[in-house]
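Reviewing the structure listed below.
The values are calculated or read from the model by the stated rules, or taken from the named source; none is laboratory data. As the structure is a computational prediction, the values presented were derived from the model and not from experiment. Cβ placement follows ideal geometry from the backbone for every residue including glycine, while neighbour counts extend to all protein chains displayed.
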Ligand code: IPD
Ligand code: CA
Ligand code: CA
């Protein structure tokens, strides 16, 4: 039953990814959204419409929560981010992805993240492990911060302080610009951890499943169990989790 839904979501994410590639770096009608640091384009809207119309067609009685003005709730809920990493997409930078998740009673059961540029699809069904393009993936085994590479989302008042606090203890930090992709990179061992200081449900829904299914760990920034509404997250390989949490919490005290 869930494998059918997974297949549906993967095909849909890939179809939308193909559409996005035609407009990558050349987005239609780019404009400010909530502030000058937040933009949207007609490609976000069109990509969302492509996803929503297919969900409505095949699962007409299920609810949809999607970033561009479709805010339903329900026991059976699809969660959609048509472009995660719009800033990269608009600027012709390569890290952006389509995110689709399906949840029941707040529990994510299917997660799909598709990166059209590298043609990589990360996905998981609850209890069945995590995959990239058909191959099983797992988190890194690195237990040493000194040998780690981490990623942090851009969040004014936090990111600078966090990088300052951690820069001398890690091998490298990155700011990739797509939350679902950064966390998928934790799932496949490319990053050891990823901090999202502020995230909406659609920024993280698929990876709330993919990372644990790949053997990793996700909590809120107090170390409590993560949910769709936590709002802030640490994804990691599990081994570095408490050390990174400690650094985050020192920084949170000095946020502007
Ligand atoms: C954004 C990206 C970005 C994160 C922002 C998100 P969007 O999503 O995931 O990496 O730092 O907080 O809003 O707006 O491109 O869908
Ligand atoms: Ca988006
Ligand atoms: Ca997003």
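Could you count how many residues in the range 135-148 are surrounded by 16 or more Cβ atoms within 10 Å (Cβ to Cβ) and either farther than 23 Å from residue 209 by Cα or out of contact with any helix residue (DSSP H, G or I) (no Cβ under 9 Å at 6 or more places or on another chain) (or both)? Can you show your working first?
Step one: filter the range 135-148 for residues surrounded by 16 or more Cβ atoms within 10 Å (Cβ to Cβ), giving 137, 139-140, 142, 145, 148.
Now restrict to residues that are either farther than 23 Å from residue 209 by Cα or out of contact with any helix residue (DSSP H, G or I) (no Cβ under 9 Å at 6 or more places or on another chain) (or both): 142, 145.
Of the residues in that region, 2 qualify.
Have a look at 70, 5, 14 and point out the one that is in contact with a strand residue (DSSP E or B) (Cβ under 6 Å, 6 or more places away or on another chain), at pLDDT below 95 and either more than 14 Å from ligand 2 (Cβ to nearest atom) or at negative phi (or both). First the steps, then the outcome.
Working: 5 fails: at pLDDT below 95; 14 fails: at pLDDT below 95.
Being in contact with a strand residue (DSSP E or B) (Cβ under 6 Å, 6 or more places away or on another chain), at pLDDT below 95 and either more than 14 Å from ligand 2 (Cβ to nearest atom) or at negative phi (or both) holds for just one of 70, 5, 14, which is 70.
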Completion exercise
Condition set over 16 Å from residue 14 (Cβ atoms) and within 13 Å of ligand 1 (Cβ to nearest atom), scope the range 90-118, selection surrounded by the most Cβ atoms within 10 Å (Cβ to Cβ): answer is 90
Handout entry: Failed item, numbered, when residue 53 is tested on (1) more than 16 Å from ligand 2 (Cβ to nearest atom); (2) in contact with a strand residue (DSSP E or B) (Cβ under 7 Å, 6 or more places away or on another chain); (3) free of Cβ contacts under 8 Å to residues at least 60 places away in the same chain
Key = (2)
Exercise for the section: Scan the range 33-62 residue by residue and report those that are outside any helix (DSSP H, G or I), under 27 Å from residue 153 (Cβ atoms) and away from ligand 3 (no atom under 16 Å from the Cβ). Expected result: 36
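Being surrounded by 16 or more Cβ atoms within 10 Å (Cβ to Cβ) and under 19 Å from residue 100 (Cβ atoms), is that true of even one residue in the range 32-40?
Initial filter on the range 32-40 (surrounded by 16 or more Cβ atoms within 10 Å (Cβ to Cβ)): 39-40.
In the following step, the residues that additionally are under 19 Å from residue 100 (Cβ atoms) were identified as 40.
Yes, some residue in the range 32-40 is surrounded by 16 or more Cβ atoms within 10 Å (Cβ to Cβ) and under 19 Å from residue 100 (Cβ atoms).
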Handout entry: Verdict on residue 65 being within 13 Å of ligand 1 (Cβ to nearest atom), within 20 Å of residue 114 (Cα to Cα), surrounded by fewer than 22 Cβ atoms within 10 Å (Cβ to Cβ) and at pLDDT 95 or above
Key = no
Practice task
Specify the residue that is surrounded by the fewest Cβ atoms within 10 Å (Cβ to Cβ); the eligible residues are those in the range 205-243 that are more than 13 Å from the chain's Cα centre (by Cα) and on the phi > 0 side of the Ramachandran plot.
Solution key: 223
Problem - Condition broken by residue 146, with the remaining ones in (1) closer than 18 Å to residue 237 by Cβ; (2) more than 13 Å from ligand 1 (Cβ to nearest atom); (3) under 21 Å from the mean Cα position of the chain (by Cα) satisfied - result: (3)
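Identify, from the list 200, 151, the residue that is in contact (Cβ under 8 Å) with a residue 40 or more places away in the chain and surrounded by fewer than 18 Cβ atoms within 10 Å (Cβ to Cβ).
Values: 151 fails: surrounded by fewer than 18 Cβ atoms within 10 Å (Cβ to Cβ).
Of the residues listed, the single one that is in contact (Cβ under 8 Å) with a residue 40 or more places away in the chain and surrounded by fewer than 18 Cβ atoms within 10 Å (Cβ to Cβ) is 200.
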Completion exercise
Among (1) more than 20 Å from the chain's Cα centre (by Cα); (2) in contact (Cβ under 8 Å) with a residue 24 or more places away in the chain; (3) under 17 Å from residue 110 (Cβ atoms), residue 27 falls short only on (3)
Practice task
Answer yes if at least one residue in the range 74-87 is surrounded by 24 or more Cβ atoms within 10 Å (Cβ to Cβ) and more than 12 Å from ligand 1 (Cβ to nearest atom), and no otherwise.
Solution key: yes
Exercise for the section: Among what's in the range 173-209 and is part of a loop (DSSP other than H, G, I, E, B) and touching a helix residue (DSSP H, G or I) at 6+ places or on another chain (Cβ under 6 Å), pick the residue that is farthest from ligand 3 (Cβ to nearest atom). Expected result: 191
Problem - Residue check, residue 170 in contact (Cβ under 8 Å) with a residue 12 or more places away in the chain, touching a helix residue (DSSP H, G or I) at 6+ places or on another chain (Cβ under 7 Å) and either assigned to a helix (DSSP H, G or I) or within 16 Å of ligand 2 (Cβ to nearest atom) (or both) - result: no
